[in-house]
Amino acid sequence: MEKHNISSTEELESDESESSLTKVVILGAGFGGLMTARALAGFKRSLTGGVDLSITLVDKNDYQLFTPEMYEIASASSAIDGTQQLKEAICVDVVDSLKSHDVNFLQRSVTGVDPKLQQVKTDEGNIAYDYLVIALGSEAFYFGIPGMEEYSVPMKTFDDALLIRSRVHELMTRKPEAHLIVCGGGPAGVELAAELRKACTDKVAGICPAITIVEGQDRILPMFSEEVSVSATKRLEGDLGIKLKTGFFIGEAKSDRVISKDGEEIVGDIIVWTGGVTAVSVLQQMQLELTKRKQIANRPTMQSQQYDNIFVMGDAAETKDSTGALSAMTAHEAVHQAPLVAKNIVALLSGVQLEEYKIKEEGYVITMGGKKGLVVLPSGRVISGYPGWFLRKFVDFRHFRSVLPLTEALSIWYRGARLMTKNDKPNR
């Protein structure tokens with residue numbers, strides 16, 4: 001049996017049933033799931049009393065999508081020919097990440113969980129577990145806005161980013177004066193709008209599509225300080241000519257426009273949705289208690305409220321840390337939760353006290369089109385311009401290095417940097 005890529009669920013179950021291994025199954029190979037699998041494999045040596053683990057990672061894709069760079073795919077130059085090139089610049093091969101770790105990988109779609117029978121349901125059979133980690137991430141959430149899901153393009157998957165790219169390229173070919181509407185003035189919407197503006201602008205030919213960011217709050221990036229919003233507004237409106245429509249609560253979307261709750265309309269050719277996410281809907285098929293936000297209720301130890309042997313992390317969990325603060329639905333939080341989840345599984349097996357999660361502030365980096373960026377330090381200080389962009393690229397490499405050997409991390413980082421600089425035009 002191949003250790004890192006098992007082709008048969010039955011083969012896995014048969015092999016493990018003949019052993020005394022404690023079965024740990026991790027659902028989701030995103031930021032939290034993949035790092036938990038790697039960390040848990042590293043902790044195996046510390047187990048005593050004859051306990052040994054079988055670790056299985058399950059995901060419908062054989063790659064981890066580096067979501068912070070999704071906007072680069074959506075705005076990728078038409079000079080970049082081929083989907084594979086784009087994929088290799090933003091996706092981590094799961095099998096490559098697990099090469100030096102004793103972790104099985106199953107490419108399956110999860111359809112549910114039976115906590116009483118301790119089984120994961122997939123599209124190709126059930127998988128038994130002793131301990132379960134749920135790290136399945138999130139999906140687009142439209143707040144019940146009529147027409148939004150039907151007429152907009154979300155930006156949550158690799159295919160979403162490719163669809164935005166193809167629609168923009170097709171539209172610019174036949175209608176250079178096109179209008180793009182980005183719904184949501186958070187980091188994802190700001191980064192996408194800024195990079196699309198840079199990628200679509202051809203100053204020599206006079207082609208410059210209009211872009212409008214629509215935000216319900218009274219300023220963009222409302223989750224940050226006013227200083228951050230002011231700096232971002234200056235870059236977007238002043239340097240890039242992007243229109244910001246704040247205080248605009250969308251009441252309806254149609255094929256060619258968004259309409260506010262007050263009846264105001266903004267007409268556009270493409271509508272992109274970055275306005276919200278929610279935990280994946282498959283959580284509703286897991287017989288676990290969900291919160292109002294459709295997440296699984298967690299304890300500060302990262303265990304579910306109902307079962308000691310089920311751990312939930314990242315966007316799938318509503319986690320409050322030891323101070324009562326609510327964990328945000330960000331990749332940053334999932335990355336920090338991963339080693340604790342692995343450590344607490346080992347602690348549970350070893351009969352020692354579990355640790356509680358503490359939210360760690362490390363700042364935030366937002367790209368602003370081209371080689372410009374905004375860095376929000378934990379102290380609240382804001383750094384803008386080229387240093388912000390450079391720091392973002394360093395943060396990107398740090399992630400790749402955390403899940404890949406050095407040479408492979410450098411390779412994927414370099415491929416991404418080399419390909420994506422084709423998006424950056426020298427006219428601004």
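None of the figures in this text is laboratory data; all of them are computed from the coordinates on show. Here the structure is a predicted model, which is why all the values come from computation and not from measurement. Note that we place each Cβ from the backbone using ideal geometry, even for glycine, and neighbour counts take in every protein chain shown.
Tell me, in nm to one decimal, what length is gained between E361 and E177 on full extension, where the rule is 0.36 nm per residue of separation less the Cα-Cα distance? Please report the intermediate quantities before stating the final value.
Numbers: separation 184, 0.36 × 184 = 66.24 nm, distance 4.21 nm.
Full extension from E361 to E177 adds 62.0 nm.
Principal-axis analysis of the Cα atoms of the chain puts helix 386-403 at an angle of about 20° to the longest axis. Close amide H contacts of K254 (hydrogens built in the peptide plane, cut-off under 5 Å, sequence separation of 5 or more or a different chain): I259. Please give the helix 31-43 orientation as an angle from the longest Cα principal axis of the chain, in degrees from 0 to 90, rounded to the nearest 10. The angle comes out near 30 degrees. The range 73-104 and the range 154-173 have Cα centres spaced 18 Å apart. Averaging the Cα positions of each part gives two centres, and for the range 295-362 and the range 244-259 these lie 37 Å apart. Springs join every pair of Cα atoms under 10 Å in this Gaussian network model of the chain, and among G42, G416, G275 the largest mean-square fluctuation is at G42. If R0 is 60 Å, the Cβ-Cβ spacing of K243 and Q353 corresponds to a FRET efficiency of close to 0.65.
Among the lysines of the range 269-399, pairs that are 8 or more positions apart or on different chains and have alpha carbons within less than 27 Å of each other number 17.
For E124, the residues whose amide H sits under 5 Å from its own are S109, ignoring neighbours fewer than 5 places away on the same chain, with H placed 1.01 Å from N.
Cα convex hull, the range 160-253: 98 Å³ per residue, rounded to a whole number. What shape does the range 87-148 have by the C-alpha gyration tensor, where a ≥ b ≥ c are the square roots of the eigenvalues, rounded means a/c under 1.5, and otherwise prolate means a/b greater than b/c and oblate the rest? In terms of gyration-tensor shape, oblate. Each of S46 and Y414 was given a label point 7 Å from its Cα along the Cα-to-Cβ line. The distance between the two points is 3.5 nm.
Dimensions of the range 14-155 from C-alpha coordinates, computed as largest minus smallest value along each principal axis and given longest first, are 56, 36, 24 Å.
Report the percentage of all Cα-Cα pairs in the chain whose separation exceeds 42 Å, rounded to a whole percent.
Details: 14618 of 91378 pairs.
That fraction is 16 percent.
Would you tally the net charge around L404, using a Cβ to Cβ cut-off of less than 13 Å, leaving L404 out, and scoring K and R as +1, D and E as -1? Can you show the working numbers first?
Numbers: positive: R38, K99, R398, R401, R415; negative: E88, D93, D96, D396, E408.
Value of the local net charge: 0.
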